[in-house]
Amino acid sequence: MKALSKPTIYEVARRAGVSIATVSRALRDSHLVTAETRRRVQEAAEALSFTPSRSARSLAEGRHAANGIVFPHLVGPYYAEVLLGYEEAAAELGRSVLILGTEGRPDATAQVLDLASRVDGMVVMGRTVPDDVVVELAATGLPIVLLARDPVDGLDTIRSENRATARELTAHLLGHGHRRLAFLGDPDASPDVADRYAWFSEALGRRRPAPVRCAFDVEAGQRAATALLQRRNPPEALVCANDEIALGAHLAAAKAGRDVPGDIAITGWDDVMAARFVGLTTVRQPMRELGATAARWLHDRMSSTDPARTPARRRVIPTRLVIRRSCGPDPCEGRQVDP
């Protein structure tokens with residue numbers, strides 16, 4: 001039998017007909033609350049068997065003036081751009097930011113729970129902690145927004161579009177006559193990458209290859225591409241899960257004496273600044289907009305007088321295929337190569 005979730009400060013406030021700040025003051029016997037209001041709040045708390053938690057008190061009092069954001073990693077241009085967008089928007093809203101990276105932490109869940117006790121709201125990005133941890137935190141009344149992650153019932157979710165652009169990118173390579181395509185990156189490590197691989201595979205039909213699993217950095221991309229290029233019958237095109245892997249593949253091709261795109265085509269995803277310098281065909285996603293939207297949505301949740309009754313929002317931010325010289329211009333639509 002599934003355990004019942006603990007009552008939240010929002011439920012007490014709704015039952016007593018007051019704000020969460022008033023609940024917090026009443027339960028602390030603050031002189032700012034009238035005797036009648038204190039009585040209503042105490043009766044509501046007793047009826048619900050509510051015990052105020054540390055995070056609920058902090059949320060109600062707004063004493064932290066800080067937001068938390070949980071990243072899988074704290075390195076790489078993609079995460080840096082998302083964080084810049086998040087911090088800029090949070091600063092405009094008068095909030096400071098506490099950042100946690102979970103990569104390599106054996107106690108990631110404990111670290112996330114600790115961060116939750118020190119902030120007024122939290123953005124959780126990617127597969128940093130399991131869904132049940134997210135649900136547990138939300139049940140305490142802590143406002144949560146999910147970023148670049150599969151949705152969880154009742155919580156706001158922001159993602160970038162992967163499906164249409166993954167199919168368009170694959171069609172572009174097929175249009176050049178390439179038939180031996182390889183996908184570099186680990187779909188199990190990221191919901192976004194899982195989507196990209198799924199729709200890359202869908203576009204290939206029966207020719208779909210297994211992914212070449214590797215980490216999302218330049219060194220991993222170079223190692224994976226080097227191994228592929230050493231095959232007797234190497235791929236004609238490398239579809240990389242992000243630009244860092246693609247930049248590593250460029251290095252591998254150069255070291256092997258292979259021309260790009262003459263001998264092998266290479267594509268990436270994200271459109272980080274370095275992609276433009278090497279002429280990388282990629283998918284541009286608005287990384288700063290992802291972070292800024294998450295900060296604003298979290299602020300909306302924290303400002304709501306009744307977040308439990310506010311419907312969860314879902315947003316998919318559009319992306320765009322950017323064609324450069326790493327696989328040539330579009331042979332079907334005649335589009336010019338981007339600079």
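The values are calculated or read from the model by the stated rules, or taken from the named source; none is laboratory data. Fair warning: this is a prediction, and the values are worked out from it, not measured in the lab. All Cβ positions, glycine included, derive from the backbone under ideal geometry; neighbour counts span all protein chains shown.
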Reported set for the range 149-171 where residues are at pLDDT 95 or above, within 30 Å of ALA224 (Cα to Cα) and crowded, with 21+ Cβ neighbours inside 10 Å is SER160, ASN162, THR165, ALA166, LEU169, THR170
Is it the case that PHE216 is surrounded by fewer than 22 Cβ atoms within 10 Å (Cβ to Cβ) and among the aromatic types (Phe, Trp, Tyr)? no
Any residue at all in the range 258-272 that's touching a helix residue (DSSP H, G or I) at 6+ places or on another chain (Cβ under 7 Å), of a type in the set (Asp, Glu) and part of a helix (DSSP H, G or I)? no
Restrict the check to the range 50-65 and report whether at least one residue is in contact with a strand residue (DSSP E or B) (Cβ under 9 Å, 6 or more places away or on another chain) and either at pLDDT 80 or above or not aliphatic (A, V, I, L, M) (or both). yes
So in the range 83-128, with the set limited to residues that are touching a residue at least 40 places away in the same chain (Cβ under 8 Å), in a loop (DSSP other than H, G, I, E, B) and of a type in the set (Val, Ile, Thr), which one is farthest from GLU289 (Cα to Cα)? VAL119
Quick one: how many residues across the range 259-278 are more than 18 Å from LEU83 (Cβ to Cβ) and crowded, with 17+ Cβ neighbours inside 10 Å? 10
So, in the range 181-209, of the ones that are outside any helix (DSSP H, G or I) and at pLDDT 95 or above, which residue ends up farthest from the chain's Cα centre (by Cα)? LEU181
Counting just the residues of the range 129-148 that are outside any loop (DSSP other than H, G, I, E, B) and surrounded by 19 or more Cβ atoms within 10 Å (Cβ to Cβ), which one comes out nearest to the chain's Cα centre (by Cα)? LEU147
Pick out the one residue from ALA253, ALA249 that is under 21 Å from ILE323 (Cβ atoms), in contact with a Gly (Cβ under 6 Å, 6 or more places away or on another chain) and in a helix (DSSP H, G or I). ALA249
Flagged in the range 138-153 as touching a helix residue (DSSP H, G or I) at 6+ places or on another chain (Cβ under 7 Å), of a type outside the set (S, T, N, Q) and in contact (Cβ under 8 Å) with a residue 60 or more places away in the chain, in numbering order, are GLY141, LEU142, PRO143, ILE144, VAL145, LEU147, ALA148
The range 219-240, subset buried (at least 21 other Cβ atoms within 10 Å of the Cβ) and touching a residue at least 40 places away in the same chain (Cβ under 8 Å), residue farthest from GLY177 (Cα to Cα): ALA224
